[in-house]
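K.L.:
Take this structure, written in C-alpha cells, and hold onto it; I'll ask about it next.
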Amino acid sequence: MFRYRTLIPFLLCAGLAACTAIPNYFNAYKIDIQQGNVLTQEMVAQLKPGQSRDQVRFILGTPLIADMFHQQRWDYVYRYYDGQTGSVEQRRFSVFFDKNNLLERVAGDVEVATAADLTAPANRTRLVDLGSLEAAGVPLPVPEESSYFSRLRDWVGF
C-alpha cells in the first residue's frame, strides 16, 4: 500500500513534466541578425563611371564577394533578419569594372541617384565652438543645478 502512495504522486509529477507545450505568450527573445554590407542611397549616389577600384572601395567598403573567376565584378550582399516578426530583407548590389579597372556600370536593388539628387543641398552638421560665442557677446547657457538624487548617485559612483 505504501508503495502505491509514493508511486502515484511520482507518476503524476513525471506526467506533468513531460508536457512541453509552451503557451504563445511565453516567446523566447530572438535577436535581429544583420549580415553583409549595408549600402545606403547616398553611398550609391557617389559612384560615377570611370572611378578606380580604390575609390569604389572607399565609398562602398570592401565587397562581400570578390570572385577570382569574375575579377571584373564585385558583389555587395546584405541580409537582415528581424527576430520579432521573422521577416527577411535581402539586397544585392553588383559593381562592374572594365579592362582598365575603372567603374563601368552598377546593377542591383539600390537605385542610382538622379540628377536632382546630386544637385540637392546636403544637410551637414556644424561644429560650434563655445569659446567663439562667448567672445562674440552671446551669453552662455547657465548649467542647471543637479538634484539631490543625482548628486547622491554621483557620490556613490553609479
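Where a number appears in this text, it was derived from the coordinates with a stated rule and is not lab data. None of these values were measured; they are calculated from a predicted model. Here the Cβ positions follow ideal geometry from the backbone for every residue, glycine too, while neighbour counts run over all protein chains shown.
K.L.:
Place a point 7 Å from the Cα of Thr62 along the Cα-to-Cβ direction; which residues of segment 31-49 have their backbone N under 18 Å from it?
P.N.:
Counting backbone N atoms under 18 Å from the label point, the list is 35-39.
K.L.:
Further question on the same structure: Could you pull out which residues in segment 69-100 have an amide N less than 17 Å from a spot 7 Å beyond the Cα of Met43, following the Cα-Cβ vector?
P.N.:
In segment 69-100, the label zone of Met43 (backbone N under 17 Å from the point 7 Å along Cα→Cβ) covers 74-81, 89-96.
K.L.:
Moving on to the next point. How large are Rg and Dmax for segment 30-119 when calculated on the C-alpha trace, in angstrom?
P.N.:
14.5, 47
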